[in-house]
Amino acid sequence: MGFLMDHKKTIIAGFVLLAVILGAAVGTGGTLPDMYDFSRYFHVLSGIIWIGLLYYFNFVQVPSLGGVTPETKADIFKEGSIVRRALFWFRMGAHSTLLFGTILLVGLFGDKLNHGGSMDIMIGATFAIIMWFNVTFIIWPNQKKVIGMVEATADEKAAAGKKALMASRINTLLSIPMLFLMFSSTHFQIFG
């Protein structure tokens, strides 16, 4: 089971296992999900990556780095560090969640305009779009200064860190009702 020691091989193995399960389902008379269903799956998978890392940053990393010296931060933020890897996957999770969510919204309005959960999903989607905007246009540009990818003075880094933190905290706040509304739209609609 050496493939489990490599995260990339583990991910590939997970998709191979999914393909085997789908093949078994079709082979026993089941149906293969359509592209809309796969978009929903990848939307949820991407959202788990995005929101999981949002919570990691807010509940684990930021509180842990509060008392760290600037010299230690410079080492933690260098190329190839856990911080840079986490920020990469955080951005990719946000972008892919928005991409697959947009496909789902197009499908929703394409042939499912009278979907009973449309108000739930529209409010949730609006929160998610605000969150994506924060990641793309506030958090990431400011984090590049904080982690040294963009030249900045110590004062500029401190100001950028505060801006990124505020946007990240707004995203944490919005994520709670957003997740509820995403699920309620198909499982227990709160807006009739």
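FYI, it's all coordinate maths here, none of it is from the lab. All of these numbers come straight from a predicted model, not from anything done at the bench. Reconstructed Cβ throughout: ideal geometry from the backbone, glycine too, with neighbour counts over all protein chains shown.
Within the shell of other residues whose beta carbon sits under 13 angstrom from the beta carbon of K145, the net charge comes to +2, with Lys and Arg scored +1 and Asp and Glu -1. Computed from backbone phi, the HN-Hα couplings of the stretch 20-34 come to 4, 4, 5, x, 5, 5, 5, x, 9, x, x, 10, 7, x, 7 Hz, rounded to whole numbers (Karplus: 6.51 cos²θ - 1.76 cosθ + 1.60, θ = phi - 60°; Gly and Pro given as x). In sequence order, the stretch 126-133 has phi-based couplings of 4, 4, 5, 5, 4, 5, 4, 4 Hz under the Karplus curve 6.51 cos²θ - 1.76 cosθ + 1.60, θ = phi - 60°, and Gly or Pro positions carry x. When only alpha carbons of the chain are considered, Rg and Dmax amount to 19.7, 64 Å.
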